[in-house]
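The values are calculated or read from the model by the stated rules, or taken from the named source; none is laboratory data. None of the values given here were measured: they were computed from a predicted structure. We place every Cβ from the backbone using ideal geometry, glycine too, and count neighbours over all the protein chains shown. Calculation scope for accessible area: heavy atoms of the full protein, side chains included, ligands and nucleic acids excluded. Shrake-Rupley method; radii C 1.70, N 1.55, O 1.52, S 1.80 Å.
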Amino acid sequence: MTTTALDGRPPQGSGPVARPRRSELQAERVRAARLFLLPMMIALMAVAAWPLLRTIWFSFTNTSLSNLSGGEWIGFSNYLTWRTLESGRTIWRGTLVDPAWWNAVYNTFRFAIISVGLETVLGLLVALVLNAEFRGRAIVRAAVLIPWAIPTIVSAKLWAWLFNDQFGMVNDMLMSLGIISQKVAWTANADTAFWAVIIVDVWKTTPFMALLCLAGLQMIPRDMYEAAKIDGIHPVKVFFKVTLPLVKPALMVAVIFRMLDALRIFDLIYVLTPNSPATKTMSIISRENLIDFDKFAYGSAQSTLLFLIIALCVILYIWLGKVDLGGTK
Amino acid sequence: MPAAIKTAAFYLAVVVIVVVAVFPFYYAILTSFKTGTSLFQVSYWPTEFNWQNYRDVLSQGAFPRNILNSVIVATLTVACALLLGVTASYALARVRFRGRTLLLLTILAVSMFPQIAVLAGLFELIRFIGIFNTPWALILSYTIFTLPFTVWVLTTFMRDLPVEIEEAAIVDGATPWVIITKVFLPLMWPAMVTTGLLAFIGAWNEFLFALTFTSSSTTRTVPVAIALLSGASQYETPWGIIMAASVIVTVPLIVLVLVFQRKIVAGLTAGGVKG
């Protein structure tokens, strides 16, 4: 750590004014550090900790959007509650028995796994291409950045236009190539809406993956490849035996980052396929309940559940990934 | 495999990558210059060059106002994040104190927060302070994703600066505040440009909070305005105007990203690979 060298150093110089002693200096630094951290801590408390706690609190009440302070404690009713009728039948209610919620959980994980999987493979391929030396590489790298630079809402609208059933380019192209015989309503059709979302997300996020993979690839010393070449090892074997193991750490971090991002997806689906049950994710139905359907407390319960799921993933990530926090290199 | 085929296959891959990356936006530009019935004719080359859609989007409705809102919100968000981020990251990178690792872990965890989890609580807070439907609501809420990221990247960067410069300043009797402003800040510019740019892009593109915390067309930011652009009737989507608006908000961003390419990639990898 940088400060240890500083602490262990004898005070230098002896001017007329006595210099503060070492421990005093350290104490002063710690005091200053606390002061410097305070604004950030207050900000994070205000926008993260407090709202989160309030969301969790709301999930145990019957608060409505029109009367935010009038909620009463109702325990776990938003999550799960049951009532036994006189006939002996038990009726279960709450998010945990809501098919719409479980559909959203399924959609979210399906989306996250498929899209991140595709992005990883394609990102690695693009990175391998960009890592090779060829003329015009700078231009290609700039071109690859463009989908990443386009705002998500714009790319959603853009692809909604390309996927348009009547006048869209995708239908036109596939028809003229003879792949489809009649126009397909890509974003409205239950079978294709999910894949439309996947295509747009992969298109938009593969550049990010490619850049992170490229950074990992560039850390591999070139002489490793030269040695493999001299030994006459097949490039495919070199890829699996040398390249992949060496980029794996960088790749894993990128995958988990993207995974957490994909689990909370909202904007792309909200704009591209707003009404398709096949693409409703946890964030989408939470917000629907919170704001649109005036089931504020119920929506809070769903967002709390989403938070728990993501928190679990983060804990797993920090635990498995052994993130370098102390700066020990 | 003969070398010629190999080279050909490689360049084919390059061409496919470039076309897939660039074509959709190119098509949006084509569409934005089309009007009337030609809008509904698919063409792969420029056929018309009509600025009407741009004139419409900039003269009708609140779109110029939305652009101004986005600029204000994104700029102030970046300013706040950098101000809070620089001081905090100095403390985190340079001073050893108890609970530092825990604090870094917390910051990392906050950066992975699902935004929807704080939506209900933030909604109440924003209503309570009375800033609902103002830019302040967005500036406040955007702190949740810009600040952790900024602190994280700046901490990584500051940790790598040599100890000697700081020691010299301490020997000269400089206070921590002077050390930050006079010693570190001049060295931090590259990192601050990077994080500032990424925070700006994040704030410029944000949708969920902007959709929820604004309610009138004059307070909306650009992404919400584009998402809600509609035609005269429900069944008539004004694609030409939507594409013109999209091009207007995207071109500056693409220029920014291409100009600062290296810095942005460095920032992404510092936030991603190291963290």
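Calculated translational diffusion coefficient of the range B:1-144 (25 °C, 0.890 mPa s; Stokes-Einstein with Kirkwood radius over alpha-carbon pairs) equals 116 µm²/s.
So, R0 is 41 Å and r is the distance between the beta-carbons of A:Met41 and A:Asn275; what FRET efficiency does that work out to, to 0.05? Using R0 = 41 Å, I get an efficiency of 0.45. With the Cα gyration tensor of the range A:99-293 giving a ≥ b ≥ c as the square roots of its eigenvalues, does the rule (a/c under 1.5 for rounded; else a/b larger than b/c for prolate; else oblate) give rounded, prolate or oblate? Prolate, because a/c is 1.5 or more and a/b exceeds b/c.
Look at the dipole of the protein assembly as shown built from charges on Cβ: of A:Ile310, A:Ile42, A:Val170, the Cα furthest out on the positive end belongs to A:Ile42.
Placing +1 on the Cβ of every Lys and Arg and -1 on the Cβ of every Asp and Glu, with nothing else charged, gives the range A:187-290 a dipole about its Cα centre of roughly 180 debye. Annotation: extensible slack from A:Ser176 through A:Glu72 equals 31.3 nm (criterion: 0.36 nm per residue apart, minus Cα-Cα distance). Of the DSSP H helices in chain B, those that are both long (alpha-carbon extent of 27 Å or more along the helix axis) and hydrophobic (Kyte-Doolittle mean at least 0.5) are B:3-32, B:63-94, B:135-159, B:185-205, B:239-259.
Here the spin labels are modelled as points 7 Å beyond Cα on the Cα-Cβ line, and at B:Thr37 and B:Gln60 they lie 2.1 nm apart. Relative contact order of the range B:121-275, taken over Cα pairs closer than 8 Å and 6 or more residues apart, is 31 percent. A dipole drawn for chain B from +1 and -1 charges on Cβ atoms has a positive end, and of B:Gln60, B:Phe49, B:Ile254 the residue lying farthest that way is B:Ile254.
For the range B:58-156, the solvent-accessible area of protein heavy atoms averages 35 Å² per residue (probe radius 1.4 Å; ligands and nucleic acids excluded).
Split chain A at each of the chymotrypsin sites (Phe, Trp or Tyr not before Pro) in a DSSP loop with at most 13 other beta carbon atoms within 10 Å, and the longest piece is A:135-292.
Of the solvent-accessible surface of the protein assembly as shown, computed with a 1.4 Å probe and all protein chains present, 67% belongs to carbon and sulfur.
Beyond 30 Å in Cα-Cα separation lie the following of the pairs B:Lys182/B:Lys263; A:Lys204/B:Lys6; A:Lys183/B:Lys34; A:Lys248/B:Lys182; A:Lys157/B:Lys6: A:Lys248/B:Lys182; A:Lys157/B:Lys6.
Would you mind classifying chain A by shape? Square roots of the alpha carbon gyration tensor eigenvalues, ordered a ≥ b ≥ c; an a/c under 1.5 is rounded, otherwise it is prolate if a/b is larger than b/c and oblate if not. Oblate shape, in that a/c is at least 1.5 and b/c is the bigger or equal ratio. Using alpha-carbon positions, what is the distance between the centroids of the range A:41-83 and the range A:129-202, in Å? Value for the Cα centre distance between the two parts: 40 Å. For the range A:27-83, the spread of Cα coordinates along the three principal axes comes to 62, 24, 12 Å, biggest extent given first. Residue by residue, the range A:111-127 carries 3J(HN,Hα) couplings of 4, 4, 5, 5, 5, 5, x, 5, 4, 5, 5, 5, x, 5, 5, 4, 5 Hz when phi is fed to the Karplus relation 6.51 cos²θ - 1.76 cosθ + 1.60 (θ = phi - 60°); x denotes Gly or Pro. What whole number of Å gives the distance from the Cα centroid of the range A:277-317 to the Cα centroid of the range B:156-208? Distance between centres, Cα-based: 36 Å. Answer rounded, prolate or oblate for the protein assembly as shown, using the Cα gyration tensor with square roots of eigenvalues a ≥ b ≥ c: rounded when a/c is under 1.5, else prolate when a/b is larger than b/c, else oblate. Verdict is oblate for the protein assembly as shown. For the peptide A:283-292, the mean number of other protein chain Cβ atoms found within 10 angstrom of a residue's Cβ is 3.
Excluding ligands, DNA and RNA and using a 1.4 Å probe, chains B and A jointly bury around 9000 Å² of accessible surface, summed across both partners. The spread of Cα positions in the range A:151-195, taken along each principal axis and listed from longest to shortest, comes to 33, 20, 15 Å. Farthest towards the positive end of the charge dipole of chain B, among the residues B:Phe97, B:Ala203, B:Leu140, is the Cα of B:Phe97, using unit charges on the Cβ of Lys, Arg, Asp and Glu. Solvent-accessible surface of chain A, taken per residue with a 1.4 Å probe and all protein chains present: 51 Å².
Only Cα pairs under 8 Å and at least 6 apart count here; give the relative contact order of chain A as a rounded whole percent. Once divided by the residue count of chain A, the mean separation gives 24 percent. Considering only A:Arg54, A:Arg141, A:Arg110, the Gaussian network model of chain A with Cα springs below 10 Å gives its largest mean-square fluctuation to A:Arg54. Suppose every K and R has +1 on its Cβ and every D and E has -1 on its Cβ; what is the size of the dipole of the protein assembly as shown about the Cα centre, in Debye to the nearest 20? Value, rounded to 20: 1240 debye. Using the Cβ-Cβ distance between A:Cys313 and A:Leu125 with R0 set to 30 Å, the FRET efficiency works out to roughly 0.70. The dipole here belongs to chain B: it is taken about the Cα centre, uses +1 on the Cβ of Lys and Arg and -1 on the Cβ of Asp and Glu, and is about 280 debye.
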